Each structure stands twice: as structure tokens, then as C-alpha cells.
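The values are calculated or read from the model by the stated rules, or taken from the named source; none is laboratory data. Being a predicted model, the structure only gives us computed values, none of them experimental. Heads up, the Cβs are rebuilt from the backbone with ideal geometry, glycines too, and the neighbour counts pull from every protein chain shown.
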Amino acid sequence: MKKINDPFGFSKAINFDKLDDPKVLKELEKIFLKKEKRSDLRKAHDLKGPKQKLWKNNPGTQAPTTTKGKTMKKIYLRSTKNLYYKDEDGIRIFYSYSTPVAFENQKNGFNIRWISKNVWSVTTAKHLNWIEDHWGQERKSNRSEHQDFKKELEQARGQSPDNSGPDPLKTTAMVSKLFGLLSTNDDKAMDQKKRFFEIAGCTFPDDWEQLSLEEKQSRLSKVEDLGLGKA
């Protein structure tokens with residue numbers, strides 16, 4: 001029998017039976033959620049019934065046209081013209097009237113979502129609910145304070161798609177999160193996660209080995225959330 005080259009002990013740390021767990025599969029889907037490529041953009045609209053072409057005889061939709069490095073046209077989520085999104089250099093920004101209220105940062109192959117709490121009108125409150133419906137997300141489950149939302153949007157817009165290289169912390173956090181879903185989450189698994197972040201340039205306190213397993217899990221989970229933009 002051929003010996004498996006496994007210097008880091010992955011095969012011992014991973015519990016492959018977890019791949020049969022629907023909850024684990026759901027988390028994996030979240031981690032690897034990327035920009036969807038759908039020629040008809042069907043998901044961007046609240047359509048019911050038989051599939052139909054979106055750009056003809058369909059009120060409330062508008063065919064997008066693009067130019068290199070420039071903004072796409074408005075895509076309406078419903079028949080109202082006051083709720084729409086635009087793709088702007090790797091960021092999908094959702095507008096209520098002319099105000100950004102949510103966005104998806106699709107740069108570097110990831111899809112990180114932010115949505116603001118309502119500080120506007122009753123109509124915008126409905127728009128926020130519809131955006132969450134469009135995402136398949138529970139309403140009001142993960143909204144940010146408006147100032148935090150504005151800060152994140154400004155930072156996302158400030159990133160240059162041509163000059164922005166891979167984010168080592170984000171990549172490491174994704175790998176660590178994936179490993180955690182499939183591992184036994186014991187001390188060996190925590191040691192492996194620690195190696196991941198050390199390779200990415202992170203340092204650990206001198207008393208790390210004296211910490212309890214629960215404390216290690218908690219701290220590494222917070223670093224993963226930070227890297228994935230959830231902190």
C-alpha cells in the first residue's frame with residue numbers, strides 16, 4: 001500500500017464524515033460563495049413563474065451595458081425604479097433612491113456583504129428587506145451600524161482592482177475556517193490552524209501552549225472572522 005505523504009497530519013486531524021453534515025456543507029457554501037455568472041441575471045430579479053428573457057417585455061429591468069473600468073447600468077430588483085444595484089469596479093452597490101444602503105465586495109474572488117441598518121424612511125426599510133430577500137438572508141439578521149457601513153463602503157471603493165493583490169490574512173482565514181469545519185477541533189487541529197496564521201505573518205503570545213483548548217478555539221475563531229471581514 002502506498003504511503004500517504006502527510007507531513008502536517010491533515011489526514012488525522014480531518015473528520016471526513018462531516019462532509020455528510022448539511023450544516024457543514026452550508027458553511028462551506030458561505031466560505032466559497034463567489035460572484036455568480038448567470039447570463040440572464042435571473043437571480044437579480046424578483047421573478048416568479050416560468051423562466052423568461054429579462055430584457056424584453058419585462059417591466060422594471062434594464063439590460064446592462066459595460067465599458068472597461070466603468071460603471072454598469074442600473075439593475076432593478078423589483079418593478080420599482082427606486083431600488084437597484086450597480087456593479088462598480090468589483091463592488092455591487094445597492095441603492096435606495098440614490099443612496100447606497102448595501103453592497104457586495106466581489107474583489108479578489110470573494111463575496112463579502114454589508115447592509116446598513118435603516119436610518120432613512122419606511123420605504124427604504126422595505127428596500128433593505130428586499131435586498132436581504134434577494135440574498136437569501138434572514139431579514140435584519142446581520143445589519144451594520146450606518147457609520148460602520150459607510151466606512152466599509154469607502155474602504156472598498158478605495159481599493160484599486162489593478163493594484164490590489166491577494167490578502168494573506170483573508171486567504172489564511174478562509175483556509176483555517178475550512179479546515180476547522182472538517183477537523184476534529186482538538187489540540188492537534190488548533191496547532192495546525194496556528195501554523196496557517198504563522199505562515200501568513202501572525203505572531204502568538206508566549207503563553208499560547210498554556211491556554212485551554214476552548215480559549216484557543218475562541219481566539220482563532222475571532223482571527224478568522226477578522227480576516228473574512230465579519231469582525
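Here is a yes/no grid of residues against (1) at pLDDT 90 or above; (2) basic (Lys, Arg); (3) in the same structural domain as residue 94 (by TED's automatic domain parsing); (4) under 30 Å from residue 127 (Cβ atoms):
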position	(1), (2), (3), (4)
146	yes, no, yes, yes
149	yes, no, yes, yes
174	no, no, no, no
186	no, no, no, no
194	no, yes, no, no
205	no, no, no, no
229	no, no, no, yes
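Among the residues of the range 87-101, which ones are without any contact (Cβ under 8 Å) to a residue 60 or more places away in the chain, assigned to a strand (DSSP E or B) and over 12 Å from residue 150 (Cβ atoms)?
Hits for the range 87-101 are 87, 92, 94, 95, 96.
How many of the residues making up the range 119-136 are in contact (Cβ under 8 Å) with a residue 24 or more places away in the chain and in contact with a strand residue (DSSP E or B) (Cβ under 8 Å, 6 or more places away or on another chain)?
The number of residues fulfilling the criteria is 7.
What number of residues in the range 209-231 are in contact with a helix residue (DSSP H, G or I) (Cβ under 7 Å, 6 or more places away or on another chain) and over 30 Å from residue 144 (Cα atoms)?
Looking only at that region, the number is 1.
Return a yes/no flag: does the range 177-187 have any residue that is in contact (Cβ under 8 Å) with a residue 12 or more places away in the chain, in contact with a Pro (Cβ under 8 Å, 6 or more places away or on another chain) and not β-branched (Val, Ile, Thr).
No, the conditions are met nowhere in the range 177-187.
Would you say residue 152 is touching a Lys or Arg at 6+ places or on another chain (Cβ under 7 Å) and either outside any helix (DSSP H, G or I) or under 14 Å from residue 112 (Cα atoms) (or both)?
No: the conditions fail for residue 152.
Filter the range 166-189 for residues that are in contact with a strand residue (DSSP E or B) (Cβ under 9 Å, 6 or more places away or on another chain) and of a type in the set (A, V, I, L, M, F, W, C); which is nearest to residue 224 (Cα to Cα)?
This residue is 179.
Based on this model, can you work out whether residue 216 counts as farther than 22 Å from residue 90 by Cβ, charged (D, E, K, R) and out of contact with any Pro (no Cβ under 8 Å at 6 or more places or on another chain)?
So residue 216 fits the description; yes.
Residues are listed down the side, and each one gets a yes or a no for (1) without any contact (Cβ under 8 Å) to a residue 12 or more places away in the chain; (2) within 21 Å of the chain's Cα centre (by Cα):
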{"position": "189", "(1), (2)": "no, no"}
{"position": "192", "(1), (2)": "no, no"}
{"position": "200", "(1), (2)": "no, yes"}
{"position": "205", "(1), (2)": "yes, no"}
{"position": "208", "(1), (2)": "no, no"}
{"position": "215", "(1), (2)": "yes, no"}
{"position": "226", "(1), (2)": "no, yes"}
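Among the residues of the range 151-171 satisfying the criterion of being at pLDDT 85 or above and not charged (D, E, K, R), which is farthest from the chain's Cα centre (by Cα)?
Only one residue tops the list, namely 155.
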